[in-house]
1. Can you find a residue that is assigned to a loop (DSSP other than H, G, I, E, B) and either in contact (Cβ under 8 Å) with a residue 24 or more places away in the chain or out of contact with any Cys (no Cβ under 7 Å at 6 or more places or on another chain) (or both) anywhere in the stretch A:5-17?
2. Going residue by residue through the stretch B:59-68, is there one that turns out to be part of a strand (DSSP E or B) and at negative phi?
3. Could you tell me whether residue B:29 is in contact with a strand residue (DSSP E or B) (Cβ under 7 Å, 6 or more places away or on another chain) and either surrounded by fewer than 18 Cβ atoms within 10 Å (Cβ to Cβ) or within 14 Å of chain A (Cβ to nearest Cβ) (or both)?
4. I'd like to verify a number: residues in the stretch B:20-39 that are at pLDDT below 95 and assigned to a strand (DSSP E or B), how many?
5. Within the stretch B:77-104, take every residue that is under 14 Å from the mean Cα position of the chain (by Cα) and part of a helix (DSSP H, G or I) and give me the one that is nearest to the other protein chains (Cβ to nearest Cβ).
6. Scan the stretch B:40-48 and give yes if some residue there is within 13 Å of chain A (Cβ to nearest Cβ), in a strand (DSSP E or B) and buried (at least 22 other Cβ atoms within 10 Å of the Cβ), otherwise no.
7. Provide a single number: the residues in the stretch A:47-90 that are more than 15 Å from residue A:15 (Cβ to Cβ) and part of a helix (DSSP H, G or I).
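The values are calculated or read from the model by the stated rules, or taken from the named source; none is laboratory data. Everything numeric here is computed off the predicted structure, so don't read it as measured data. Cβ atoms come from the backbone with ideal geometry, glycine included; neighbour counts cover every protein chain shown.
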Amino acid sequence: MATELLLQLSNNRPEIRNLRNRFDIFAKDNELPAKVIHDVQLALDEVVTNIVEYGYDDDDKHFIDIKFILNEKSLKIIIIDDANPYNILDKENPDTSLSFEDKPIGGLGIYLVKHLMTNIDYDYRDGKNHLLLTKSLTEGDIN
Amino acid sequence: MDINESNSGNAVIIQPVGRIDTNTSTEFEEKLVEILDRSETNIVVDLSEIDYVSSAGLRVFLMAAKKLKSLSGNFILASMNDHIKEVFDISGFTPIFTITPDTASAVNAIN
């Protein structure tokens, strides 16, 4: 049986804090492993910050819909927004081997999301970004 | 965010509590800048009370480490949990930072 949580945020920074707190409660209620909570919190911070900070050309209020679907095997997170089309899978990975002085910071957040999530799917339709993050709950993956 | 501060030998030890992410990284950066402005050159960040560090936090660490390197000082990260360590590994940050298992080792490395 799947457990779901639906949230709608507006595009401002304090909402990212609300998202974090709501997911904390969901994670605690469903006894998610610490590793899963860590990786998902970090991914949400990176993805939603990107949308809020860089996704819109205007100063209008926009809504971001986030749905969590939890079953025995995985936690899926669907993030739908009407920001500019942005496929994180197309984003080039930063060169993490560079020296101290040349260390890149731009692009690092998305790079982390790609590593920490088990799977990522992206689709742009009906004028909206649809990002699906999947985090496996199976033993091998949660350390 | 709560940030505790203490001194040990020549080192300033700061212990942020919670998460270093989009919401809190500015406050954490301001704290580090304030300490750097006091001409302190040995800073230990005790991460034992930190759950996670997002890329916003990594940016602040990098800023402080670069600044202290230019002053021939020390910037040491102590007591990071395994999840944070993995983020450092993925980002390629592990080889470029001084990371110690606890604050006592960090202070020993400085004094």
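1. Yes, because at least one residue in the stretch A:5-17 is assigned to a loop (DSSP other than H, G, I, E, B) and either in contact (Cβ under 8 Å) with a residue 24 or more places away in the chain or out of contact with any Cys (no Cβ under 7 Å at 6 or more places or on another chain) (or both).
2. no
3. no
4. 0
5. Filtering first and then ranking leaves B:96.
6. no
7. 4
Yes/no per residue for (1) within 9 Å of another protein chain (Cβ to nearest Cβ); (2) at pLDDT below 95; (3) in contact with an Asp or Glu (Cβ under 8 Å, 6 or more places away or on another chain):
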site	(1), (2), (3)
A:62	no, no, yes
A:72	no, yes, no
A:76	no, no, no
A:92	no, yes, no
A:113	no, no, yes
A:120	no, no, no
A:130	no, no, yes
A:140	no, yes, no
